[in-house]
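The values are calculated or read from the model by the stated rules, or taken from the named source; none is laboratory data. In this text the structure is predicted, and so the values were computed from the model without any measurement. Glycine gets a Cβ as well: all are built from the backbone with ideal geometry, and neighbour counts include every protein chain shown. For accessibility, only protein heavy atoms count, side chains too; no ligands or nucleic acids. Shrake-Rupley method; radii C 1.70, N 1.55, O 1.52, S 1.80 Å.
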Amino acid sequence: MLAFGSPLPRAHSMIKMVKTRLATPIRAKAIVTLAVSATCIGGAATFASDIGFGDLVDRLGADQVPTGAGVNVSQTEVIAGGAYGPWQDDPEFSTITFTAMSGSPGVSGHATEVAKNFYGNTVSIAPGIPGVWLYEVNSFLNSYLRVGQGNSALPLVPPGGVRIFNHSWIGSAGSATDNDVNRRADFAMNRDDTLFIAGLNNTLGTPPPLMNSMFNGLSVGRADGVHSYGNVAAGDVPGRMKPEIVAPGSATSWTAPIVGSVAALLYETANTLPLSANPNARKGVVIKSAIMAGAHRRAGWTNNPVLSGPNRGVAAKPLDTIYGADVVNINRAHLILTAGEQEGSATVPSSPSIGARGWDYRSMLPNTTVYYRFTLTEAVEDVSILVTWNRAFGSTISAGIPGNLDLRLFKVLPGATDLLPLTGDAGIGVFDAGNVASLSTVDNVELLFLRDLAAGEYVIELKRVDAAGIAVQTALSWIMPETPETPPPVPGDVNGDGIVNGADIAIVLGSWGVCIGCAADLNGDGVVDGADLSVVLGNWSS
């Protein structure tokens, strides 16, 4: 098992692939060898602790943990041996109601293992999922997405109110059809507030076009890094980074449904009071944003910011090249979602407007800017701030509007509204590592991740920099350690103004001698003398 506190592995070993050839037009394959070994199957149940589920149970209590109850899902599979469905009589699925959408599903070993990780009674973290709609790949593309049928044939609405669509397969039908598939998937998610989750290939190379070139979904790799990764090579906007997230598992066919189970717990939480009073909590882009912002970033994770010079702290691409946002973590994502929506403002707030964790959904128009202000009363180990947005559409299937947003962090003086840039030398001593600006021109995600951020007042600036067309659905999420409401006392700060300077020396000199209980007696020995003066001088504010 991968040690999640250890540095990220960067070497890769190849995994043998077995193609499943179809008689139908879309050439697809399951993204794992279909003859699954017992060792691989048995190891699936060990992932829960690696994705923060134990932390969630410890925090909420076993009887309060969401299970995916009330959240219906879909599973699309390649036909293997004439079958595309899981073994429905397996005890793992005793509480599931299956609905076959592509004829008799039969029993597929691959589909069964995907299902166990997604909604199995003892393997998955989401055993409360009640209903599963089963599709064969080509049936899903043709009858649900309605690929190749023109602008008037929109994708169908989700059957049974399905929220999550798992795609543990890859394939291609040629660039024109692939683009139509991905556009239709994006259109459906944008319209229906659903989330499509797709696994990458288990070998190195360019990310496959189906379904990993989507804008609005999540492409999933493996926590050990053995998967295809890099920039999308084709499609409407090439150059976007994949994967968005990774999970522990021996194949991406298993890691995709693990991320799906995390999404199921979050959708259930969004459907439960008090969040159920806010329909924004149930939007797919909000769930995606919370998942990505809440990822556990291991030692060695990097989005390659500039390390020195005038652009120190600027990242041109938002994610780690191999690991995306890194390992999915249900506890951190749940903390973000349950902190509730905290709205930004069109002008810089004069006082803190957000807490240590939370999210904000907005339909963001071109050339608009939103600000969020927060306070750290002491230094924190890490800060994660992420925005993602949907490719937007009008009423027809078209290329859509990808949008282009920038994300920056500024420092402000207490009580002020002037923004102090942290790029370049200005950030030295304020943050130890990471990025304070995320400025991709092609990705539909931006991420600020900082280590060792100093105490102070900060402002997040979210700016849509393109002027194209319609508003885009946008979700900003953030998580950082909570700090006390009042800052800890500064050694040598006799008058309590947060600064050690001449005013404090004056108080010490004016209280010289025996002075039991006075503020100038910094060492508490009942006498104000040279020892107290040394405390002031030793903590002089720069």
Quiz item: When you scan region 251-356 for helices (runs of 4 or more DSSP H) that lie fully inside it, which ones turn up with 2 or more residues that are over 21 Å from residue 382 (Cα atoms) and at pLDDT 95 or above?
Solution: 252-270, 284-293
Quiz item: Just a yes or no: is a residue in region 22-44 closer than 26 Å to residue 298 by Cα, open to solvent by 20 Å² or more (accessible area, probe 1.4 Å), at pLDDT 85 or above and in a helix (DSSP H, G or I)?
Solution: no
Quiz item: Can you tell me which residues in region 357-383 are over 19 Å from residue 472 (Cβ atoms), surrounded by 18 or more Cβ atoms within 10 Å (Cβ to Cβ) and under 19 Å from the mean Cα position of the chain (by Cα)?
Solution: 357, 358, 383
Exercise. Give me the pairs, please: first residue somewhere in region 266-284 and without any contact (Cβ under 8 Å) to a residue 12 or more places away in the chain, second residue anywhere and open to solvent by less than 40 Å² (accessible area, probe 1.4 Å) and not in a helix (DSSP H, G or I), beta-carbon distance under 9 Å, and either six or more positions apart or on two chains.
Key: 279/193
Quiz item: Can you name every residue in region 405-431 that is within 20 Å of residue 477 (Cβ to Cβ), in contact with a Pro (Cβ under 9 Å, 6 or more places away or on another chain) and open to solvent by 20 Å² or more (accessible area, probe 1.4 Å)?
Solution: 408, 410
Self-check item: strands (runs of 3 or more DSSP E) contained in region 90-171 and holding at least 3 residues touching a helix residue (DSSP H, G or I) at 6+ places or on another chain (Cβ under 8 Å) and of a type outside the set (Asp, Glu)
Solution: 131-136, 164-167
Exercise. Those residues that are touching an Asp or Glu at 6+ places or on another chain (Cβ under 6 Å) and either small (Gly, Ala, Ser) or open to solvent by 30 Å² or more (accessible area, probe 1.4 Å) (or both), I need them from region 462-487; list them, please.
Key: 463, 465, 483
Quiz item: Quick one: which of 333, 295, 339, 325 is more than 20 Å from residue 421 (Cβ to Cβ), open to solvent by 30 Å² or more (accessible area, probe 1.4 Å) and touching a Gly at 6+ places or on another chain (Cβ under 9 Å)?
Solution: 339
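For every residue, the table says whether it meets (1) part of a helix (DSSP H, G or I); (2) farther than 26 Å from residue 342 by Cβ.
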{"position": "447", "(1), (2)": "no, no"}
{"position": "496", "(1), (2)": "no, yes"}
{"position": "525", "(1), (2)": "no, yes"}
{"position": "532", "(1), (2)": "yes, yes"}
{"position": "535", "(1), (2)": "yes, yes"}
Quiz item: Is there a residue being buried (at least 23 other Cβ atoms within 10 Å of the Cβ), more than 29 Å from residue 56 (Cβ to Cβ) and not small (Gly, Ala, Ser) anywhere in region 167-180?
Solution: yes
Self-check item: Restricting region 71-100 to residues that are touching a residue at least 60 places away in the same chain (Cβ under 8 Å) and farther than 21 Å from residue 142 by Cβ, the residue that is least open to solvent (accessible area, probe 1.4 Å)
Solution: 71
Exercise. Evaluate the following for residue 474: is it part of a strand (DSSP E or B), over 30 Å from residue 541 (Cβ atoms), at pLDDT 95 or above and β-branched (Val, Ile, Thr)?
Key: yes
Quiz item: Is at least one residue of region 448-460 more than 22 Å from the chain's Cα centre (by Cα), modelled with pLDDT under 85 and not small (Gly, Ala, Ser)?
Solution: no
Self-check item: Residue selected from region 209-225 under the condition surrounded by fewer than 24 Cβ atoms within 10 Å (Cβ to Cβ) and part of a loop (DSSP other than H, G, I, E, B), by the criterion farthest from the chain's Cα centre (by Cα)
Solution: 209
Quiz item: In this structure, is residue 103 open to solvent by 40 Å² or more (accessible area, probe 1.4 Å) and closer than 14 Å to residue 254 by Cα?
Solution: no
Quiz item: Do we have any residue at all in region 189-208 that's surrounded by fewer than 18 Cβ atoms within 10 Å (Cβ to Cβ) and in contact with a His (Cβ under 9 Å, 6 or more places away or on another chain)?
Solution: yes
Quiz item: Given (1) surrounded by fewer than 21 Cβ atoms within 10 Å (Cβ to Cβ); (2) in contact with a strand residue (DSSP E or B) (Cβ under 8 Å, 6 or more places away or on another chain); (3) under 23 Å from residue 404 (Cα atoms), where does residue 241 come up short, assuming only one miss?
Solution: (1)
